[in-house]
Amino acid sequence: MSRRSNLVGVVVVVGIIAFFVLIAVMSSYTPIEYGRVGMVTRFGGITNKIMQPGLNWKAPFVERVVVYRTQELVYATMGEGDTPGSGTYSDFPTDTTTADGQQITVKYSVRFRIDPEKITQIAREIGDEAQVVEKVVKFHSRILARNIPKEYEALDLYTGNIQQVQEEFEDQLRPLLQTKGVILEAFGLRKIDFREDYVQAIEQKQIEAENVTTEKNRAEQAKWRAQGAIEESKGQAQATIENAKGNAEKIKLLAAAEAESIALKGEALKKYPEVIQLEFVVSLSNPDGNVTWGIIPQGSVLPFLNVTPDTNVIP
């Protein structure tokens, strides 16, 4: 019985030892997923050992691993109806005022990465990933979100001067994050919300401005139509004048030609009087002619010759 009891005791001790050895072996290896790094601590102190993605060895029960994601992360101020994306740290929007005292709410997103080369610095000065977001990204971005819009009039922000504001955010935020081991990938100014009464006032002004523009366009169109009608009337009047000048010139030319013809005929008849007698005789012989009487030149037998057909004569 004594030997059996001793054997059982030995088996139990060996089993316990094996169990602790197995736990120690399992604790000696830590897998690090891609897009992450692990910072090793020993008895709560920070070491200079950084684990890369893959299977890494560490001293069991002595060393711990704090994992930091080195992939892009997103810190976003969200409003009602907004859905945060994967890996997003969400927060409420930032309230501030414009240069002319209008109350606004700023919604933005910060895309950033933790610099794997500065993990030790981050661990010593800031803490883990959640503390990096809280103490660095959130702290600086919300301060800028309150201060930068105060440099702009509300109307400038409302009418779309967002790109300039966004660039100013990036220019100021990037060095602030970089000194703390955070790399700014992009800053997105998603939306600026104004108070409802201000929005209504701006929309009313825009409607009035559009109405004024419409009336100006109508007046300008009427002016151009009137000008067009005047130009058309001028053109028609000018055309009438030109036609009249052309007709007058035509009549003048015709009259001159006719006078010239009469003068030439007179000269010809004066020089050759026999032409008249010839034309008279030719007309008499024309059955369709209208010559019914004629004057016979001196030296002829009869001074008058009636050539009208006598309809009373019976053949």
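The values are calculated or read from the model by the stated rules, or taken from the named source; none is laboratory data. For clarity, every value in this text was computed on a predicted model and none was experimentally measured. Because the Cβ atoms are built from the backbone with ideal geometry, glycine has one as well, and the counts that use them run over all protein chains shown. For the accessible areas, the whole protein counts, side chains as well, though only heavy atoms, and no ligand, DNA or RNA atoms are used. Shrake-Rupley method; radii C 1.70, N 1.55, O 1.52, S 1.80 Å.
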query = Here are some pairs, K107/K150; K118/K138; K49/K138; which of them have Cα atoms lying more than 25 Å apart in this structure?
reply = K49/K138
query = Relative to the present Cα-Cα distance, how much length would full extension add between R64 and R195 at 0.36 nm per residue of separation?
reply = 42.1 nm
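Please find the FRET efficiency linking E72 to R124, where r is the Cβ-Cβ separation and R0 is fixed at 35 Å, and quote it to the nearest 0.05.
Efficiency, rounded to the nearest 0.05: 0.90.
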note = In whole percent, the Cα-Cα distances of the stretch 50-177 spread across 10 Å bins from 0 upward as 11, 36, 29, 15, 7, 3, 0
ask   = Under a plain spin-label model, where a point goes 7 Å from the Cα along Cα-to-Cβ, how far apart in nm are W224 and E260?
value = 5.2
query = With θ set to phi - 60° and the Karplus curve 6.51 cos²θ - 1.76 cosθ + 1.60, what are the ³J(HN,Hα) couplings of the stretch 131-140 in order, to the nearest whole Hz, using x for Gly and Pro?
reply = 6, 4, 5, 5, 8, 10, 5, 5, 4, 6
note = Once A237 and N217 are pulled to full extension, the length gained, defined as 0.36 nm per residue separation minus their Cα-Cα distance, is 4.2 nm
Using a Förster distance of 35 Å, the FRET efficiency for E185-N48 (Cβ separation, nearest 0.05) = 0.80
key: Neighbourhood net charge (11 Å Cβ-Cβ; Lys/Arg +1, Asp/Glu -1) for T88   = -2
task = Please sort 69-75, 257-263, 30-36 by packing, taking for each peptide the average over its residues of neighbouring beta carbons within 10 angstrom, highest first.
result = 69-75, 30-36, 257-263
task = Express the carbon and sulfur contribution to the solvent-accessible surface of the stretch 93-209 as a percent, rounded to the nearest whole number, probe 1.4 angstrom.
result = 45
ask   = Equivalent-ellipsoid semi-axes (√(5λ), Cα gyration tensor) for the stretch 124-206, whole Å, largest first?
value = 32, 13, 9
note = Karplus ³J(HN,Hα) for the stretch 183-199 (6.51 cos²θ - 1.76 cosθ + 1.60, θ = phi - 60°; Hz, whole; x = Gly/Pro) runs 9, 7, 8, 6, 10, x, 8, 6, 6, 10, 9, 10, 5, 4, 5, 5, 4
